[in-house]
Amino acid sequence: MNFYSDEQEWKWLFKNAIDWDKILPLFYPEYPTEEGFESKQEVLDFLEELLASTGDWAANSVATRAERLDVEGAGKVENGRTIPGEALSELYREATELSVFGVPLPKKHGGLETPASASLIGLAQMARGCIASSTQIAFFTSIGEMLHRFADEETAERLIPKIIAGEISGSMCLTEPGCGSDLGSIITSATPQDDGTYLINGSKIFITNGGGGIGLVLARIKGAPEGLEGISMFLVEQDIPGKEGLNYTVAKNEHKMGMHGSFTTEVVYENSVGRIVGEPNQGFKYMLHLMNEARLVTAFQALGGIEASISYARKYAGERLQFGKPIEELPLMKRNLEDFEAERDALRALLVDTLTYFDVYQRLDLKKTQTGDLTKEEEEMFEEAQLWTRKRTPLVKYYGCELASILTIKGIQILGGYGYMKEYPQERIHRDIFGPLLYEGTSQIQALMALKDMVKYAVKDPKRFASNVVFKHKWANPLKEGSEWMKNFKTIHFKFKRKLVSLLLSTLNPGGKEVFSLKSWAKEENVNRLMTHAETLCQALSYIETLRVLCDHTNKEEERKTLYFRYRDLVQPRLEAIYVDWNIRAKKED
């Protein structure tokens, strides 16, 4: 089995759903490239070979080890360190041999520096094999990318090659015992020293991979402003040459419901030496970059979990005989499996479509950060990619993880009692999916983020917002606008806009004379009224965006209309239920 070569849907999406004409010139501005690629097609062939390689590894090694890793656990904490167990150590050794850690990292430090699209698809493959394994792997490349982007050159040159070699990894250290989503209340302190370093004091909890060797720690310098504006980021290494003992200690590894193969730790800092990353009081801004990438990562992890659960359920249903036939042929089971697979494929299309915006945004943001020099064309590309990346990030995290929690339950139910037994993988996949569901911001946090962006846009220009509601979209093939799927989507989209405008007017301006009054739309009590609808609004936006993507894909290949209409049939009743909810609650609030 190969999670890429044997999956026609992934191969179609790679070739047709990612805008390589936008992405590749940002990585390979001229041919032949320094790697020896003579053309765009040679680059794409290389990336597909890479995905076939990781697809083989994920299917035939990561997946086969998943049960043992779940039973053995990630390892243990001993003398303030995390000690990976045998199964996790095997994963690290194989990833190092396959050069997995260097795939997206800079060439100058020994990496391949491929587009993020390739590494995120690879991560989905790993998550299909084992969600806990994909989490541990992700904290090599993501920390390396942060060091490349924000650390000084000496630090990047010293640490990134070690990450690529699998010698160290890292963690993002935000959460404190009294501070979860409210990062502005962080109390971990940073005291400046004469040599330019800082002494870090405090503790962090629920830190994934906290014993990887290095941590990016949010702390507050004495005298800094309160709230998010006073937070700085520090690089804290566990081992410092010349310093006796550990620079920070791992107090414990949490015992979790799932993801047993991933370390989740409490980290304690007692006069730990740290070096500031970037400028003082800019820590939240820097960490937000990693958090946004991590939210996209969790969506791909969720997709991997869905693929694992539903594919196993389909295989089981094809072999399990009841009433004289395979249960996949029984009418209700047949419908259920088709519905589950349609929504899986639709989510996958949405995620892959988001990759183009993310890749362009990441690459141009890096150039802007390091040189501050973008051409006019690049600036336009950057603004568009930034807008769509910001819009999509909470939606894909919300939709992907919520759907994974539902479909992995369905995967258990298809097996009946067997699905509840540890002999089969379904119960482990479902337990593990709660990690992506909860970390990097819960579903409710994502819903509020989506709402916040919408209100911000609305308050800026209420009249324009009421006419547009959602951002304009350029169709890949305007000649298809008269097609049945385009007409259908426009009808659904128009109704959504009408219902959304009605919701906004009833909450942000209840009974006001000035319908488009900026003062009325910005009132706290009105915004609070709208916040009660944040989750249903996020759901509706997710469905509309997915329909938009499927419609665009059908414009490229008409055979894709089957998936468009199957998904339409699934979500249209859900949209209608959301509209009813908005109407009922609006009447109660009146």
Sorted by chain and number, the residues with a modelled amide H under 5 Å from that of L105, at a separation of 5 or more or across chains, are L112, E113, T114
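Could you give the length gained on full extension between K490 and T375, defined as 0.36 nm per residue of separation minus the Cα-Cα distance, in nm?
Details: separation 115, 0.36 × 115 = 41.40 nm, distance 3.51 nm.
Taking K490 through T375 to full extension adds about 37.9 nm, to one decimal.
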Count of Lys pairs (Cα-Cα under 26 Å; at least 8 positions apart or interchain) in the stretch 286-391: 8
Within the set K40/K397; K285/K456; K460/K556, which residue pairs have Cα atoms separated by over 24 Å? K40/K397; K460/K556
Descending Cα extents along the principal axes, the stretch 5-134, whole Å: 51, 35, 19
Carbon and sulfur atoms: what percent of the 1.4 Å accessible area of the stretch 39-192 do they account for? 50
So, over other residues within a Cβ distance under 9 Å of V62, counting Lys, Arg +1 and Asp, Glu -1, the net charge is +1
Show me, for the stretch 321-326, the HN-Hα J-couplings you get by feeding each phi into the Karplus relation (A = 6.51, B = -1.76, C = 1.60, θ = phi - 60°), rounded to Hz, glycine and proline as x. 9, 9, 6, x, 8, x
Amide H contacts of V273 (H built 1.01 Å from N, under 5 Å, at least 5 apart or other chain): I200
Would you mind counting up the charge near D195? Only other residues with Cβ under 14 Å from its Cβ, with Lys and Arg at +1 and Asp and Glu at -1. +1
Note on the stretch 333-470: C-alpha Rg/Rh, Kirkwood Rh, two decimals, gives 1.10
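Return the ratio Rg/(2.2 N^0.38 Å) for the stretch 188-305, where Rg is computed over Cα atoms only. Intermediate values should be presented prior to the final figure.
Details: Rg = 15.4 Å, N = 118, 2.2 N^0.38 = 13.5 Å.
Cα Rg divided by the expected 2.2 N^0.38 Å: 1.14.
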With each label point set 7 Å from Cα along the Cα-Cβ vector, what nm distance links D6 and R68? 2.0
As a test question: what accessible area, to the nearest 10 Å², does L112 have when a 1.4 Å probe is rolled over all protein chains in place? 70
Calculate, in nm to one decimal, what E338 and M421 gain on full extension: separation in residues at 0.36 nm each, minus their alpha carbon distance. 27.4 nm
Anchor K76: lysines whose Cα lies under 21 Å away (excluding residues fewer than 8 positions away in-chain): K204, K252, K256
For the chain: accessible area per residue (Å², 1.4 Å): 43
Taking a point 7 angstrom from the Cα of D21 along the C-beta vector, which residues in the stretch 331-356 have backbone N less than 20 Å away? 352-356
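Round to a whole number: what % of the accessible area of the stretch 227-324 belongs to carbon and sulfur, probe 1.4 Å?
Numbers: 2120 of 4060 Å².
Exposed carbon and sulfur together represent 52 percent of the surface.
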Taking the chain and counting helices only, DSSP H stretches of n ≥ 4 at -39,500 (n - 2.57) each over all residues, the nearest-500 ellipticity at 222 nm comes to -20000 deg cm²/dmol
Here Rg/Rh (Cα, Kirkwood) for the chain equals 0.96
Sorted largest first, extent of the stretch 294-344 alpha carbons per principal axis (Å): 47, 16, 8
Bin width 10 Å, origin at 0, all Cα-Cα pairs of the stretch 523-564: what percent of pairs per bin? 28, 28, 21, 16, 7
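How high is the FRET efficiency from A577 to E154, r the C-beta distance, R0 56 Å, rounded to 0.05?
Result of the calculation: an efficiency of 0.50.
Could you give the C-alpha radius of gyration of the stretch 306-396 expressed as a fraction of 2.2 N^0.38 Å, taking N as the number of residues it contains? If you can, show how the numbers build up before the last one.
Details: Rg = 21.4 Å, N = 91, 2.2 N^0.38 = 12.2 Å.
Relative to the 2.2 N^0.38 Å estimate, the stretch 306-396 comes out at 1.76.
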At a Cα cut-off below 16 Å, give the lysines reachable from K490, other chains included and same-chain residues fewer than 8 away excluded. K472, K474, K480, K499, K561
Nearby aspartates and glutamates by direct alpha-carbon distance to K422 (threshold 20 angstrom, same-chain neighbours under 8 apart not counted): E67, D70, E72, E307, E319, D432
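The values are calculated or read from the model by the stated rules, or taken from the named source; none is laboratory data. Model, not experiment: these values are computed from the prediction. A quick note on method: Cβ atoms are made from the backbone with ideal geometry, for glycine too, and the neighbour counts reach across all protein chains shown. All accessible areas refer to the heavy atoms of the entire protein, side chains included, with ligands and DNA or RNA removed. Shrake-Rupley method; radii C 1.70, N 1.55, O 1.52, S 1.80 Å.
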